[in-house]
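Working notes, beginning with the structure itself.
The values are calculated or read from the model by the stated rules, or taken from the named source; none is laboratory data. Quick caveat: nothing in here was measured; it's all calculated off a predicted structure. Here the Cβ is made from the backbone with ideal geometry for all residues, glycine too, and neighbour counts use every protein chain on show. For accessibility, only protein heavy atoms count, side chains too; no ligands or nucleic acids. Shrake-Rupley method; radii C 1.70, N 1.55, O 1.52, S 1.80 Å.
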Amino acid sequence: MEKLGLRERKKQRTREALIDAAQALFCAHGFEATTIDQIAESVEVSSRTFFRYFASKEDVALALADEQITAVLDAFAAQPAGLPVLTALRTAAVEVMRTYETDSRFHGLQNVISVSPALTAARVERATARFDEVARLVGTRMGVDPAVDPRPHLVVSVALCAVQTAVAAWRAAGHEAPESELTGQAFDLLAAGLDYPAGGAVAGR
């Protein structure tokens, strides 16, 4: 890995400081009540400097979530070539989530997002915006072109939507297991197939 120069290291430290400050303020006051000026002031930089790193308050709030998505995609691409698509996706997602679950900042982010409808919607939108990127990676693993073969897009649609929905439903039902564990369980159910048998004939028919 190429070593960063002094200027790049300083910029990275400033970016991380802005993320940390924003997370602390969001946890203390809420996303909507926190201003960009407050975030900048807590790091002793100007609002103008803030906008050199982030386009909006939403961007700094979801910076860790964006990094997580990128890490999952990188981990997926790095899985052994012979690994089936869902298995590779599951392995990548669970491994990355376990890593992030050790970061207190990510737990704070999860709490902030959970009480902010705007951030919840934005997180889903940002993940969806990378849909084609994921489909290309899936297509590469399958050895097909997503432009002519619909299966990569089908895999991504089902995996992303179903896993997120399942984890949210389990959370609502009171499951307190780590998100990585719930995500792994959701992928396992998908891999086992969803064509469940009927529960029996309706009485009287």
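Couple of notes before you dig in:
- A DSSP coil position with no more than 16 other Cβ atoms inside 10 Å describes the following GluC sites (Glu not before Pro) in the range 101-205: Glu101, Glu176.
- Correct choice for volume of the Cα convex hull per residue in Å³ that was computed from the model, options [x] 148; [y] 174; [z] 124: [y]
- Gain upon complete extension [His107, Gln164; 0.36 nm per residue less C-alpha separation]: 18.8 nm
- Apportionment of accessible area to carbon and sulfur, the chain, percent (1.4 Å): 57
- Cα-only Debye scattering, the range 74-187: base-10 log of I(q)/I(0) at q = 0.19, 0.22 Å⁻¹: -1.11, -1.38
- Stretchable slack from Arg52 to Glu176, in nm (0.36 nm times residue separation minus alpha-carbon distance): 40.8 nm
- Between Glu44 and Ser114, the modelled labels are 3.5 nm apart [label points 7 Å from Cα along Cα→Cβ].
- C-alpha center-to-center spacing [the range 137-205, the range 37-91] in angstrom: 24
- Counting Lys and Arg as +1 and Asp and Glu as -1 over every other residue whose Cβ lies under 10 Å from the Cβ of Glu179, the net charge comes to 0.
- Each listed q (0.14, 0.16, 0.22, 0.25 Å⁻¹) maps to a log10 I(q)/I(0) for the range 16-103 from the Debye sum over equal C-alpha point scatterers, namely -0.59, -0.69, -0.96, -1.12.
- Computed from backbone phi with θ = phi - 60° and the Karplus coefficients 6.51, -1.76 and 1.60, the 3J(HN,Hα) list for the range 150-158 is x, 4, x, 5, 5, 4, 5, 4, 5 Hz; x is used for glycine and proline.
- Report summary: the helix-based calculation at 222 nm, which adds -39500 (n - 2.57) for every DSSP H run with n ≥ 4 and divides by the residues of the chain, gives -22500 deg cm²/dmol.
- Stretchable slack from Lys10 to Phe131, in nm (0.36 nm times residue separation minus alpha-carbon distance): 40.3 nm
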